[in-house]
Amino acid sequence: MDQQHWLFDDEADDEQRKNAERIRKLNEQRKAKQVPPDDLSEGRRLRDEGMEQVLENEGDDWKEDVIRVLSGLRGQHLSGEGIRRACAEVGVYAHHPNCWGGFCNGLVIKGVLRKTGGYTQMTAPTSHGRETKVYLVL
């Protein structure tokens, strides 16, 4: 009976070691997904690449239509969401929601918009009330 007891303990210990190793590997995988390495320049590169891609997929007509809408809003303070709503009022829609942020960033660089340093909360339910930049339309 003692021999069987020791066999059982060895089997149990072996099973515990296997479980512990499996859990360790799962935790390593989870950690890699949840806590990526710090690399601000890589994060910015990926952001810029994504914005560039989504804007490449949008037609030039859309970009020209947005600029035309903004030309009638000079001097106003608007968020990207406000710009999107103003465009929607005249039938200008993007193929993807990320077009708005990427295009606003490009318009700041081109001098069509200026960051005010202010923020406002977004009102679209899908935006979950998050803060967004306020721009001055030049």
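The values are calculated or read from the model by the stated rules, or taken from the named source; none is laboratory data. Bear in mind the structure is a predicted one, so any value in this text is a computation, not a measurement. In this analysis, Cβ positions are derived from the backbone assuming ideal geometry, glycine residues included, and neighbour counts consider all displayed protein chains.
Descriptive notes on the structure:
- Scanning region 119-138 for residues that are free of Cβ contacts under 8 Å to residues at least 60 places away in the same chain and either touching an Asp or Glu at 6+ places or on another chain (Cβ under 9 Å) or under 11 Å from Leu78 (Cβ atoms) (or both) turns up Tyr119, Thr120, Gln121, Met122, Thr123, Ala124, Ser127, Thr132, Lys133, Val134, Tyr135.
- Under the condition of being surrounded by 13 or more Cβ atoms within 10 Å (Cβ to Cβ), assigned to a strand (DSSP E or B) and under 20 Å from the mean Cα position of the chain (by Cα), the residues counted in region 119-138 number 5.
- Among residues of region 52-111 being in a helix (DSSP H, G or I) and touching a His at 6+ places or on another chain (Cβ under 8 Å), the one that is modelled with the lowest pLDDT is Val54.
- Selection status of Leu46, among the hydrophobic types (A, V, I, L, M, F, W, C), modelled with pLDDT of 95 or more and part of a helix (DSSP H, G or I): no
- Across region 104-118, the number of residues qualifying as over 15 Å from Thr132 (Cβ atoms), of a type in the set (A, V, I, L, M, F, W, C) and surrounded by 12 or more Cβ atoms within 10 Å (Cβ to Cβ) comes to 1.
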